[in-house]
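Notes follow once the structure below has been shown.
Derivation of every value follows stated rules applied to the coordinates shown; laboratory data play no part. All figures in this text were calculated on a predicted structure; none of them were measured in a lab. FYI the Cβ positions are ideal-geometry reconstructions off the backbone, even for glycines, and counts take in every protein chain you see.
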Amino acid sequence: MTKAELVEEVSRVSDLTKKHSEVIVDTVFKSIIDALHRGEKIELRGFGSFRLRKREPRKGRNPKTGDKVDVPPKKVPYFKPGKELKELINREEESAEAPAAAAGPDGSDTAVQA
């Protein structure tokens, strides 16, 4: 899903204009980015959490020349899905697999018809 598709969905569900929906989506993203920039953790119950992970400085290699280079320390955003999100995703996969499991190996119904 792209940002434009997300704006479209917010607009459709909330009966707002696309412009208002875009402001809402932009505000949510900006709020998450600003909180991460301040070093805060964002927790969205039932969905997941956003955090920063610190990468230590290390020695890298220039793939073109083979020279060793110093890679500076940096912070990278990390998303950890919540328990409910994991369950919802897995439940949908299981329900999609259930009808296929009821069919025979050749795809036909295994029930005997008289």
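Worth pointing out:
- Cα gyration tensor shape of segment 1-40, rounded if a/c is under 1.5, else prolate or oblate by comparing a/b with b/c: prolate
- Shape category assigned to segment 43-98 from the gyration tensor of Cα positions, a/c cut at 1.5: oblate
- Amide N proximity, segment 64-89 versus residue 33 label position 7 Å along Cα-to-Cβ, cut-off under 14 Å: 77
- Over 25 Å (Cα to Cα) - which of 30/75; 18/83; 18/41; 3/54; 19/41 fall in this group: 18/83; 18/41; 3/54; 19/41
- In this simple spin-label model, placing a label point 7 Å from the Cα along the Cα-to-Cβ direction at both residue 84 and residue 1 gives a separation of 1.5 nm.
- Modelled spin labels at residue 71 and residue 56, positioned 7 Å past Cα toward Cβ, are 1.3 nm from each other.
- Loop-resident sites, segment 1-54, for trypsin sites (Lys or Arg not before Pro), counting at most 10 other Cβ within 10 Å (DSSP): 38, 45
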